[in-house]
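To start, the structure itself, in structure tokens.
The values are calculated or read from the model by the stated rules, or taken from the named source; none is laboratory data. Source: prediction; values computed, not measured. Positions of Cβ are generated from backbone atoms using ideal geometry, with glycine treated the same way; all protein chains shown enter the neighbour counts. In case anyone asks, the SASA skips ligands and DNA or RNA and just uses the protein heavy atoms, side chains included. Shrake-Rupley method; radii C 1.70, N 1.55, O 1.52, S 1.80 Å.
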Amino acid sequence: MPSVYIKTYGCQMNERDSEAVAAQLVAKGYTLAPSATVADVILLNTCSVRDLAEQKALRKMENLAAEIRRDRPGVVLGFMGCMAQSRGQELIDRLPDVDLVLGTQKFHRAADCLDEIIAGRRDKIVDVAEEPGSEATIREHLLYGNAAKNGGGAVGGHRPPPPVTAFVSIMQGCNQYCTFCIVPYTRGEERSRTIPDIVAECRQLAAQGVKEITLLGQIVTSYGKRFSQAELFGGASVSASRLVSSLAPPKQTPFVQLLDAVHEIDGLERIRFTAPHPKGYGDDLIEAYARLPKLVESAHLPVQSGSDRVLKLMHRGYTRERYLALIEKLRRARPEIGISTDIIVGFPGETEDDFEQTLSLAREVEFDQAYIFKYSQRRDTPAAGLPEQVPQKLREERNQRLLAVINEIAAGKYQKFVGRRTQILVEGPSRKNPARMTGRTRCNKIVVFDSVEREHRGRLMGVKITRASSFTLYGDPVILD
Ligand code: SAM
């Protein structure tokens with residue numbers, strides 16, 4: 001059978017989609033190639049959020065076509081995901097060496113399409129149509145790892161151990177239509193899976209040794225909004241749905257009902273989720289942080305700007321004041337909570353005063369981590385047509401100024417951990433140094449410690465933090481009281 005190499009650009013949702021495609025192909029008998037240079041099929045799973053990500057994938061494909069196709073003309077080349085969805089046939093017109101363009105609602109069709117191409121029944125395939133029910137097709141996991149990530153896969157007949165953490169896709173699409181964002185156009189309308197379907201997948205992962213699950217969606221706080229209470233539990237028998245719904249008090253949002261149901265799964269130690277929208281953070285979700293011990297003290301809350309004027313232009317649906325009030329409520333519910341965010345600098349019309357409000361918000365919140373993005377004009381989005389585009393040089397300058405503030409605050413926050421004892425979930429050997437292991441605190445900070453004891457993997461462990469560098473803590477194992 002052919003070997004396949006998948007390269008992923010962009011967010012965790014894309015990582016998860018690639019994993020599901022790899023699992024689907026492995027189930028059909030494909031092997032996973034450790035690099036593109038030896039693969040029979042090369043798939044690039046693309047991101048469209050910024051132009052830079054699109055350009056990177058286009059350049060990569062150009063190089064692959066020039067280098068690999070020259071020596072091995074039979075290699076199949078394909079684009080999948082967001083850029084495939086938004087550009088479709090245009091990609092083949094531009095790069096005629098590409099054989100396959102697969103949109104965001106068609107990942108489950110990857111194996112069938114490749115079969116057709118490899119068997120010579122079809123020359124090129126472009127499939128970017130909408131497909132009802134596709135949100136429930138991202139469910140297979142590659143529990144024993146990707147050969148590319150595991151140095152060639154099974155060595156000496158020993159399979160690598162299954163992962164400790166897993167991503168579970170709970171919904172697809174986004175209906176927010178933020179004026180800067182291409183996601184509603186590449187991922188389509190919000191579509192959610194049912195609670196029993198998601199719980200079954202999480203239960204299976206827990207049975208296979210997974211200890212931490214991250215629930216994923218473009219906008220998880222909108223999960224299940226379009227379902228009636230019965231549809232939310234769709235597919236389950238009446239008694240099963242009663243059983244699950246009895247776990248959650250009534251009047252909770254579907255997302256909190258889902259958290260309650262996943263929380264019940266034996267063997268699962270930790271639950272995370274991403275990405276929520278600040279305006280979807282109701283009191284029931286804040287109360288869930290205080291009520292559900294497996295829901296870790298960590299929240300990724302994309303703020304985008306500290307200026308109300310810009311937030312309005314972005315169509316974010318909250319004000320600076322409301323955002324700050326939300327942070328305060330979360331910190332009251334869980335004082336140890338780690339808070340990360342996304343911020344865009346140089347949105348059209350952003351003045352020096354607007355930008356300074358973003359700087360002051362960053363200082364006021366004291367984020368543990370922030371992903372800063374220079375605004376990028378995206379096709380079909382309202383902001384792309386706004387007249388006052390900020391010059392690139394100024395976007396770069398604001399990026400550097402904000403980065404300096406974020407890094408200074410984060411360094412102080414990480415330093416405060418030194419001398420403290422905390423719990424980590426051990427994820428495995430450090431990639432940089434196999435004589436060390438890495439784990440993650442509940443508030444989502446990476447901790448590195450000296451150990452070659454592979455049986456620590458998957459365990460909750462106490463560590464005393466001995467030093468901190470930017471965005472990494474170092475510690476020694478201890479017994480926690
Ligand atoms: N669902 C999340 C929300 O609504 O807050 C965001 C998901 S988006 C794929 C990830 C981040 O990319 C956004 O939070 C935003 O900061 C950034 N982003 C999106 N569109 C962008 C653009 N046109 N230019 C620069 N950054 C952008």
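Computed 3J(HN,Hα) for the stretch 296-304, one whole-Hz value per residue from the Karplus formula 6.51 cos²θ - 1.76 cosθ + 1.60 where θ = phi - 60°, is 6, 7, 7, 9, 9, 10, x, 9, 6, glycine and proline marked x. Annotation for the stretch 177-194 versus the stretch 321-364: alpha-carbon center distance of 23 Å.
With q set to 0.18 Å⁻¹, the log10 of I(q)/I(0) for the stretch 332-409, from the Debye formula over equal scatterers at the Cα positions, is -0.75. Ligands, DNA and RNA are left out, and with a 1.4 angstrom probe the accessible area of the stretch 1-76 is 42 Å² per residue. When the trypsin sites (Lys or Arg not before Pro) in the stretch 378-412 are filtered for DSSP coil states and for at most 13 other beta-carbon atoms within 10 Å of their beta-carbon, the remaining sites are Arg379. Applying both filters, DSSP loop and at most 12 other Cβ atoms within 10 Å, to the trypsin sites (Lys or Arg not before Pro) of the stretch 245-349 gives Lys251.
With a simple spin-label model that places each label point 7 Å from the Cα along the Cα-to-Cβ direction, the separation between Arg401 and Ser228 comes to 5.4 nm.
For the stretch 435-447, 3J(HN,Hα) computed residue by residue from phi via the Karplus equation (6.51, -1.76, 1.60; θ = phi - 60°) reads 7, 10, 10, 10, x, 9, 6, 4, 8, 6, 10, 7, 10 Hz, glycine and proline entered as x. Counted by Cβ distance under 12 Å from Pro132, the other residues give a net charge of -3, where Lys and Arg count +1 and Asp and Glu count -1. The Cα atoms of the chain define a convex hull whose projected area, averaged across directions, is 23.6 nm². Given a Förster distance of 60 angstrom, what is the FRET efficiency for Glu356 paired with Arg72, based on the Cβ-Cβ distance and rounded to 0.05? Rounded to the nearest 0.05, the efficiency is 0.65. Positive contributions from Lys and Arg (+1) and negative ones from Asp and Glu (-1), summed over other residues with Cβ under 14 Å from the Cβ of Thr37, come out at +2. For the modelled label position 7 Å from the Cα of Asp97 along Cα-to-Cβ, which residues of the stretch 1-19 have backbone nitrogen atoms closer than 20 Å? Hits in the stretch 1-19 for Asp97 at 20 Å: 3-9. Per residue, the stretch 321-436 exposes an accessible area of 51 Å² to a 1.4 Å probe, with every protein chain left in place. Taking 4.7 Å between C-beta atoms as the pairing limit, the chain has these partnerless cysteines: Cys11, Cys47, Cys82, Cys113, Cys174, Cys202, Cys443.
Using 0.36 nm per residue, how much length does the chain from Arg121 to Arg467 gain when fully extended, once their Cα-Cα distance is taken away?
Result: 118.6 nm gained on full extension.
Looking at the stretch 341-450 only, what percent of DSSP beta bridges run antiparallel? Nearest 5 please.
Of those bridges, close to 65 percent are antiparallel.
If the chain linking Leu460 and Glu336 were pulled fully straight, counting 0.36 nm for each residue of separation and taking away their Cα-Cα distance, it would gain 42.9 nm.
For the chain, carbon and sulfur atoms together expose 51% of the accessible surface, with a 1.4 angstrom probe and every protein chain in place.
Each DSSP beta bridge with both residues in the chain is either parallel or antiparallel, and the antiparallel ones are about 35%. Taking the centroid of alpha carbons for each part, the stretch 425-481 and the stretch 267-298 are 23 Å apart. Of the GluC sites (Glu not before Pro) found in the stretch 402-481, those in coil by DSSP whose Cβ has at most 13 other Cβ atoms within 10 Å are Glu453. Cα centroid separation, the stretch 49-106 to the stretch 112-136: 15 Å.
Find the Cα radius of gyration of the stretch 324-481, compare it with 2.2 N^0.38 Å by division, and give the number to two decimals.
Dividing the Cα Rg of the stretch 324-481 by 2.2 N^0.38 Å gives 1.29.
Using θ = phi - 60° in the Karplus curve 6.51 cos²θ - 1.76 cosθ + 1.60, the 3J(HN,Hα) couplings for the stretch 331-347 round to 6, 6, 5, 9, x, 8, 4, x, 10, 10, 8, 10, 9, 9, 10, x, 4 Hz; x is entered for Gly and Pro.
Here the stretch 111-138 is scanned for amide nitrogen atoms under 20 Å from the site 7 Å beyond the Cα of Glu189 along Cα-to-Cβ, giving 128-138. In this Cβ point-charge picture (+1 for Lys and Arg, -1 for Asp and Glu), the chain has a dipole of about 900 debye about its Cα centre.
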